[in-house]
Amino acid sequence: MLLAAIVLPLAVLPVAGSGVAHADPASAADLNDQLDRLNQQADQLVEDYLEHSLALERTRAKLAGIQRQTRAAQRSYDGLQALIAAQATNAYVNGPGSDLAAVLTTGDPSRAVERMQSLELLAQQSTELVVSLKAARQSLDASRGALKSVEAQQAAEVAHLRAKKTEVDRAVGRAERLLDQMRAANRARIAALTRRAAPVQRGPQQSPTPPPVSGSVSSVLQWAYKQLGKPYRWGAAGPDAFDCSGFTMAAWAQAGVGLPHSSRSQYGVTMRVSASQLKPGDLIFRYSPISHVSMYVGGGRQISATHTGDVVRIQSASMPDITGYGRPGG
């Protein structure tokens with residue numbers, strides 16, 4: 001199970017009677033690698049959840065469209081049924097031969113021809129009504145079948161999403177508890193081991209002024225820098241916490257550019273650029289399959305909502321495992 005694979009590297013650390021994990025200096029490098037793998041695998045779980053969330057949104061939109069089609073088909077079918085019922089009522093009240101008798105007993109030949117033509121037209125219209133009614137019934141049945149199918153698909157996706165959310169919650173909760181135990185055992189050492197890049201800088205040390213850029217990217221970077229120090233929380237897109245794709249989505253929304261809440265989907269909707277073409281505001285995607293996204297701010301640096309237990313921070317953009325680069329709105 002993926003959850004076991006995530007927590008196993010840290011779960012095997014010796015645990016004292018108080019439940020506090022201890023790591024000797026010789027294991028520090030290994031522990032750092034294990035923590036990196038933990039965060040990467042947790043990112044994959046979160047990304048899977050976000051992808052299923054987007055799929056459910058698409059299914060719900062499709063369901064709403066089919067429901068509208070079904071209602072329209074029902075109205076069409078009911079209307080045709082009413083017309084045919086009205087014709088049947090007229091025939092019952094006046095008798096099936098009344099129109100023909102009126103034609104045969106008229107004394108005016110030209111008037112008789114006109115009435116005959118009218119009868120032929122009515123007969124044709126009745127036939128067309130029956131054909132239309134049959135087609136309307138087929139359309140209604142098809143819409144109802146499609147509706148039933150999409151409803152079943154939605155139910156399956158909801159169930160899968162709930163299961164995935166439970167899996168993510170357990171993995172993140174286990175990681176948070178274990179990190180708390182390790183920090184309690186040796187706060188100084190674990191603070192260094194859990195640091196993936198430059199330490200969090202607050203206030204004036206954080207370079208709160210974004211690099212000068214022109215156009216819509218200026219509003220994106222200005223907003224992004226104001227989020228520095230806010231905590232990472234999976235599935236969040238602000239205003240108080242973010243995950244990686246929620247952060248880039250909210251940042252680019254400041255320039256009126258819509259991005260999906262998923263790093264994989266953001267990769268799919270952005271224009272590919274190379275490392276040499278990077279400009280402030282471009283997105284950097286990592287891991288395979290893609291499960292992390294950050295935003296380039298220039299000067300070889302990036303800004304990112306990092307991972308569980310960390311915050312929005314500025315880091316070196318040369319971190320490993322880069323899959324590709326994307327330019328929103330390109």
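FYI, it's all coordinate maths here, none of it is from the lab. The structure presented is a predicted model; accordingly, all values stated were derived computationally and were not measured. Every residue, glycine as well, gets a Cβ built from its backbone with ideal geometry; the counts of neighbours run over all protein chains shown.
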Task: Nitroxide proxy distance, nm - points 7 Å out along Cα→Cβ at Q81 and A156 - done: 3.2
Task: Full-extension gain in nm, A142 to T209, via 0.36 nm per residue minus C-alpha separation - done: 18.2 nm
- [ ] Rank-order 283-290, 318-325 by packing density, defined as the average count of other C-beta atoms within 10 Å over each peptide's residues, highest first.
- [x] 283-290, 318-325
Open item on the list: Give the lysines whose C-alpha is closer than 30 Å to that of K164, dropping any in the same chain fewer than 8 places away, or say none.
Closed with: K62, K148, K230
TODO: Taking amide H positions as placed in the peptide plane 1.01 Å from N, state which residues far from V273 in sequence (5 or more) or on other chains have amide H under 5 Å from it.
DONE: Y325, G326, R327
- [ ] Pull up the cross-link candidates among the lysines for K134, meaning alpha carbon to alpha carbon under 18 Å and not fewer than 8 places away within one chain.
- [x] none
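What's the extension gain from A163 to A72 if we count 0.36 nm per residue and subtract their Cα-Cα distance? Walk me through the numbers on the way to the answer.
Working: separation 91, 0.36 × 91 = 32.76 nm, distance 3.59 nm.
Extending this stretch completely gives an extra 29.2 nm.
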Task: Whole-Å distance, taken between Cα centres, linking segment 298-324 and segment 39-60 - done: 21
